[in-house]
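Chemist: Here's a structure for you.
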Amino acid sequence: MKNYSIKKVETKNEMKEFLKLFDYWHKKGLVGFVPIFILYRHKDKGELYLLKDTNKNKTIGIAWIIERKRPYNFYQVKTLALSPDYHAKGLGEYFLRGLVDPLHKQGFDLITSVVSGNEPAMNLYRKVGFKTYDTKTSKKGVITDEMVFPAGKGRVI
Ligand SMILES: CC(C)(COP(=O)(O)OP(=O)(O)OC[C@H]1O[C@@H](n2cnc3c(N)ncnc32)[C@H](O)[C@@H]1OP(=O)(O)O)[C@@H](O)C(=O)NCCC(=O)NCCS
């Protein structure tokens, strides 16, 4: 998509921008709480990404992908969120596909967890190829759809 690019978080400033948007959506209850040290140095920290509006040199989206080794090798989309001003323009789909399609093509299953009733996110993940394989209720009573985009090797969680 012209004028938008996906950038891995590599500098302190990029991390600051990631955290700003992360905090915004966390306060709205759509992305889960994550202790800050995990984002910096936990073994499960995975990779953080920004979606940039290159014309305005502005960060407009964040994503967090974690590689999982057990019970087999697959990837988890932990977070995907865009600034409200940029919703419903096809950018969430562009961002998600840009991150998951290369992994899926390499044969990796992808999983994610979406707060049930978060229709924009559920529909986006379904459109890209994810389907619900389970639902969970957290200690705080939050119900989530557990979704998988299987790579076709028959290894569904
Ligand atoms: C989920 C989110 C990333 C979608 O991004 P987006 O850029 O608005 O989505 P797109 O414009 O790329 O739309 C792609 C598909 O998503 C679905 N979708 C997007 N917005 C929707 C809405 N308001 N209602 C229902 N479905 C919606 C549709 O299936 C759409 O495909 P279509 O246009 O062919 O109907 C965005 O709403 C967001 O940042 N939400 C807050 C954070 C969040 O909930 N993240 C997910 C959990 S971590």
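Chemist: Given the conditions (1) within 7 Å of the ligand (Cβ to nearest atom); (2) in contact with a Lys or Arg (Cβ under 7 Å, 6 or more places away or on another chain); (3) not in a helix (DSSP H, G or I), and given that ILE66 satisfies all but one, which numbered condition is not satisfied?
Modeler: Of (1) within 7 Å of the ligand (Cβ to nearest atom); (2) in contact with a Lys or Arg (Cβ under 7 Å, 6 or more places away or on another chain); (3) not in a helix (DSSP H, G or I), only one is false for ILE66: (1).
Chemist: Which residue out of ILE62, ILE111, ILE36, ILE66 is out of contact with any Phe, Trp or Tyr (no Cβ under 9 Å at 6 or more places or on another chain) and within 26 Å of THR137 (Cα to Cα)?
Modeler: ILE36
Chemist: If the requirement is being within 11 Å of the ligand (Cβ to nearest atom), over 27 Å from THR11 (Cβ atoms), surrounded by 18 or more Cβ atoms within 10 Å (Cβ to Cβ) and β-branched (Val, Ile, Thr), which of these qualifies: VAL114, VAL148, VAL77?
Modeler: Among VAL114, VAL148, VAL77, only VAL114 is within 11 Å of the ligand (Cβ to nearest atom), over 27 Å from THR11 (Cβ atoms), surrounded by 18 or more Cβ atoms within 10 Å (Cβ to Cβ) and β-branched (Val, Ile, Thr).
Chemist: Based on this model, can you work out whether VAL142 counts as within 16 Å of the ligand (Cβ to nearest atom), among the aliphatic types (A, V, I, L, M), surrounded by 12 or more Cβ atoms within 10 Å (Cβ to Cβ) and over 17 Å from the mean Cα position of the chain (by Cα)?
Modeler: The answer is yes for VAL142.
Chemist: Return the residues of segment 83-98 that are under 17 Å from LYS2 (Cα atoms) and in contact (Cβ under 8 Å) with a residue 60 or more places away in the chain; say none if nothing qualifies.
Modeler: Correct list: GLY90, LEU91, TYR94, PHE95, GLY98.
Chemist: Sort through ASP134, ASP109, ASP101 and tell me the only one that's in contact with an Asp or Glu (Cβ under 8 Å, 6 or more places away or on another chain) and either among the charged types (D, E, K, R) or over 24 Å from GLU47 (Cα atoms) (or both).
Modeler: Just one listed residue meets the conditions, ASP134.
Chemist: Give the residue that is surrounded by the most Cβ atoms within 10 Å (Cβ to Cβ), with candidates limited to residues of segment 3-23 that are of a type in the set (Val, Ile, Thr) and under 22 Å from VAL100 (Cα atoms).
Modeler: So, considering only residues that are of a type in the set (Val, Ile, Thr) and under 22 Å from VAL100 (Cα atoms), the one surrounded by the most Cβ atoms within 10 Å (Cβ to Cβ) is VAL9.
Chemist: Right, something else. In segment 98-111, how many are closer than 23 Å to ASP53 by Cβ and surrounded by fewer than 15 Cβ atoms within 10 Å (Cβ to Cβ)?
Modeler: Here the count works out to 2.
Chemist: Could you tell me whether any residue of segment 34-52 is without any contact (Cβ under 8 Å) to a residue 12 or more places away in the chain and either under 20 Å from ASP145 (Cα atoms) or of a type in the set (A, V, I, L, M) (or both)?
Modeler: Yes: one or more hits.
Chemist: Here's another thing I want to ask about it. Within segment 10-30, is even one residue closer than 15 Å to TYR125 by Cα and touching a Phe, Trp or Tyr at 6+ places or on another chain (Cβ under 6 Å)?
Modeler: no
Values quoted throughout were computed directly from the atomic coordinates according to the rules given, and no laboratory measurement underlies them. As the structure is a computational prediction, the values presented were derived from the model and not from experiment. So basically every Cβ, Gly included, is an ideal-geometry build from the backbone, and we count neighbours across all protein chains shown.
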